[in-house]
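Student: The following block contains the structure, expressed as structure tokens.
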Amino acid sequence: QVQLVESGGGLVQAGGSLRLSCAASEYIFSINAMNWYRQAPGKQRELVASITRDYTTNYPDSVKGRFTISRDNAKNTLHLQMNSLKPEDTAVYYCNVRAYPHDFWGQGTQVTVSS
């Protein structure tokens, strides 16, 4: 079973930056999309960035222009560069890889943005 491990979370002041990483325990074949989700207390999990097999990226308006998703196939890793962080970005961030019929998830990493 493939395991995804996120890292890079932490506490940062508003306006600061963090870079999240997600490492897979083994090579994943036939990836359709790689995603970052987040879930704040009392809220539903939401998609914050995605990158498809052809490297097309997509972001919701709430993070567009501030977050950048990237993937390194050689190192089997996924990244999320987060700039100009806001207190409302505070959440647990999850890495997700969709490789039909599989749907892999990481355990999450906490991001806290102080005002």
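The values are calculated or read from the model by the stated rules, or taken from the named source; none is laboratory data. Just so it is clear, the model here is predicted, and its values are computed rather than measured. Positions of Cβ are generated from backbone atoms using ideal geometry, with glycine treated the same way; all protein chains shown enter the neighbour counts. Only protein heavy atoms, including side chains, enter the accessible area calculation; ligands, DNA and RNA are left aside. Shrake-Rupley method; radii C 1.70, N 1.55, O 1.52, S 1.80 Å.
Student: I need a count of the residues in region 72-90 that are under 28 Å from residue 27 (Cα atoms) and open to solvent by less than 40 Å² (accessible area, probe 1.4 Å). Break it down into steps so the answer makes sense when it comes.
Tutor: We begin by selecting, within region 72-90, every residue under 28 Å from residue 27 (Cα atoms); these are 72-82.
Within this subset, residues satisfying the condition of being open to solvent by less than 40 Å² (accessible area, probe 1.4 Å) are 76-80, 82.
Summing the residues that are under 28 Å from residue 27 (Cα atoms) and open to solvent by less than 40 Å² (accessible area, probe 1.4 Å) in region 72-90 gives 6.
Student: Applying the selection to region 1-23, what residues are open to solvent by less than 30 Å² (accessible area, probe 1.4 Å) and among the β-branched types (Val, Ile, Thr)?
Tutor: Scanning region 1-23 gives 2, 12.
Student: I would also like to ask the following. Take the residues of region 24-69 that are open to solvent by 60 Å² or more (accessible area, probe 1.4 Å), within 15 Å of residue 90 (Cβ to Cβ) and touching a Ser or Thr at 6+ places or on another chain (Cβ under 9 Å): which is modelled with the highest pLDDT?
Tutor: Only one residue tops the list, namely 46.
Student: Scan region 69-91 and report the pairs whose first residue is over 12 Å from residue 23 (Cβ atoms) and free of Cβ contacts under 8 Å to residues at least 60 places away in the same chain and whose second residue is open to solvent by 40 Å² or more (accessible area, probe 1.4 Å) and β-branched (Val, Ile, Thr), with Cβ atoms within less than 8 Å and a gap of 6+ or a chain change.
Tutor: 69/57; 90/112
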